[in-house]
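Notes for the one structure printed next.
The values are calculated or read from the model by the stated rules, or taken from the named source; none is laboratory data. Quick caveat: nothing in here was measured; it's all calculated off a predicted structure. Here the Cβ positions follow ideal geometry from the backbone for every residue, glycine too, while neighbour counts run over all protein chains shown. The area values use the complete protein model at the heavy-atom level, side chains included, leaving out ligands, DNA and RNA. Shrake-Rupley method; radii C 1.70, N 1.55, O 1.52, S 1.80 Å.
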Amino acid sequence: MIDTGPVLLDITDGIARLRLNRPDAANGMSAELLSALCDAIMVCHGHPDLRVVLLSGEGTNFCAGGDVRAFASKGEKLPDYIRQATAYLQNAVTGLLRLEAPVIASVQGFAAGGGGFGLVCASDIVIAAESAKFLAGATRVAMAPDAGVSVTLSRLVGLRRAMSILLTNPVIPAAEALQMGIVTKVVPDAELADASLALARELAAGAPKALAATKRLVWAGTGTSIEQCLSEEARTVAELSGMADAREGLAAVIERRKPVFTGR
């Protein structure tokens, strides 16, 4: 268990439970929280047995975005503070995208701004409670999207819809976010924690190198043509086929049993 105050991290049985821990501030992202988040993600990168990351927020909200009170308190020094906070946020998003392990976001309450909405868009799988709500919000406070949202959102929902979301800032209910492709699955509020952990355990039991390669190919492919992806796909599949996990997977299908993957 790693407790840095604004961020909690526990890695057990290959599952990293990474939790934003400023519930009294709706997990609003101050520079201090973002710095701690970057540190926790780096711990995940260095953990030899990591299989999956389960990202969540303590309290009633996943993350309400940037800490507007902290922002407002900086006055004319706000640009310097924003540059610091944005650098941490960019490093956090890059760290999540480049993690070999899949990242599951478990969302309750609001996921707003670069901190909340941005982390959702940068996650590999998103499970939302029925009452969850999503909001871009940046232009509403005279700012622009960050955390990669200007790119990731259009990949998820299409350019026209992304432009509308970012310019008009609608509050998007979970059911609508599911239909748009922002989230993967919606569950009753009372089932969110159990459903998220069950999926984390399912992924943790998968073939780690195959999951890592698939994640890398999908994210890399968002900025390239299909033709450019083909050679990298072929190289990756050939590499994976030479691993013990691939042989175990084939044997399990033939023998009609669950595979036991070791990451080799």
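The table for this structure:
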| item | result |
| --- | --- |
| The chain - charge dipole about Cα centre, Lys and Arg +1 at Cβ, Asp and Glu -1, debye rounded to 20 | 440 |
| Fluctuation leader among 201, 216, 161 - the chain, Gaussian network, Cα springs under 10 angstrom | 161 |
| Mean separation of Cα contacts under 8 Å, 6 or more apart, over the residue count of the chain: relative contact order % | 16 |
| Cα-based shape type of region 7-204, given that a ≥ b ≥ c are square roots of the gyration tensor eigenvalues and the cut on a/c is 1.5 | oblate |
| Virtual paramagnetic centre 7 Å along Cα→Cβ of residue 45, amide N under 16 Å, in region 199-219 | 216 |
| Inter-probe distance in nm under a simple model that places probes 7 Å from Cα toward Cβ, at residue 230 and residue 194 | 4.8 |
| Most mobile of 25, 128, 72 in a GNM of the chain (Cα contacts under 10 Å) | 72 |
| Cβ-based charge dipole, region 147-235, positive-most Cα from 169, 220, 208 | 220 |
| Size of electric dipole in region 207-255: Cβ of Lys, Arg +1 and of Asp, Glu -1, about Cα centre, debye, nearest 20 | 140 |
| Among 181, 55, 6 the positive-end extreme of the charge dipole of the chain (Cβ point charges) | 181 |
| Listed residues 258, 77, 133, 215 arranged by accessible area, highest first, probe 1.4 Å | 258, 77, 133, 215 |
| Listed residues 239, 76, 130, most fluctuating in the chain (Gaussian network, C-alpha, under 10 Å) | 76 |
| Label-to-label distance, nm, for residues given as residue 264 and residue 202 (7 Å Cα→Cβ offset) | 2.9 |
